[in-house]
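Values quoted throughout were computed directly from the atomic coordinates according to the rules given, and no laboratory measurement underlies them. Note that the structure is a prediction, hence the values are computed from the model and not measured. Methodologically, a virtual Cβ is constructed for each residue, glycine included, from the backbone with ideal geometry; neighbour enumeration extends over all protein chains shown.
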Amino acid sequence: MAVLAIKSEQRCKLCSHVRRTDIDALLERRSNLEEDSAGNRINAVYVIAQLRDWGVVNPTEENLKSHWRKHCEKITGTDVELVQTAALEAVAQMREGSHPDINFDLDMLWKIGVAEIMDRVARGLPSGLSPDLVLKIAAEKGRRQHNETQDELMRTLVGGVGLALSQRQQVELPEVVEDAEVKELA
């Protein structure tokens, strides 16, 4: 069995926690009435204590029940394969018929890389992607966003100048005073 995150709600402290995968796995073990390696029953008290250790602020039994009922679903290995296939098909449909878009590709690589690292690390495995690669992707995204902002500012400036020139309105300049006398204030 596995847990599928069917919903992620920003207001849910368990959904938005960095260790969401671990939390869901722990809740699955609780629902299966399992015991830890020391023989302790994984119940609500056990889970709440673990959540506090992981930095969840003020976890309650109601948080556990609500999160498990509304945001998680137990699925089999076959279901996991179906979900992964559906996700890959969704990505293929997004890409189908569109021209190559480097920003889309970078966004997708960023999301996949971060999700993969979080998932593998949560399971105690090596990430599979080097942190250097993820940092390079982040730097490239930042550079591209900066360049796009500059391009937009230049287009706006050129558009404003073009509009002013196309209207050809005479601007009245203030009268120039040539021989003014300067007086100091006392």
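Amide H to amide H, with H built 1.01 Å from N, C72 comes under 5 Å of I6, counting only residues 5 or more places away or on other chains. Cβ-Cβ distance of E181 and R143, R₀ of 41 Å, FRET efficiency by 1/(1 + (r/R0)^6): the value works out to about 0.10. Database remark: amide H of H17 closer than 5 angstrom to no amide H (H placed geometrically; neighbours at sequence offset of 5 or more, or on other chains; Pro and chain starts carry no H). A protection proxy built from the mean count of other Cβ atoms within 10 Å ranks the segments 18-30, 60-72, 136-148, 155-167, most packed first, as 18-30, 60-72, 136-148, 155-167.
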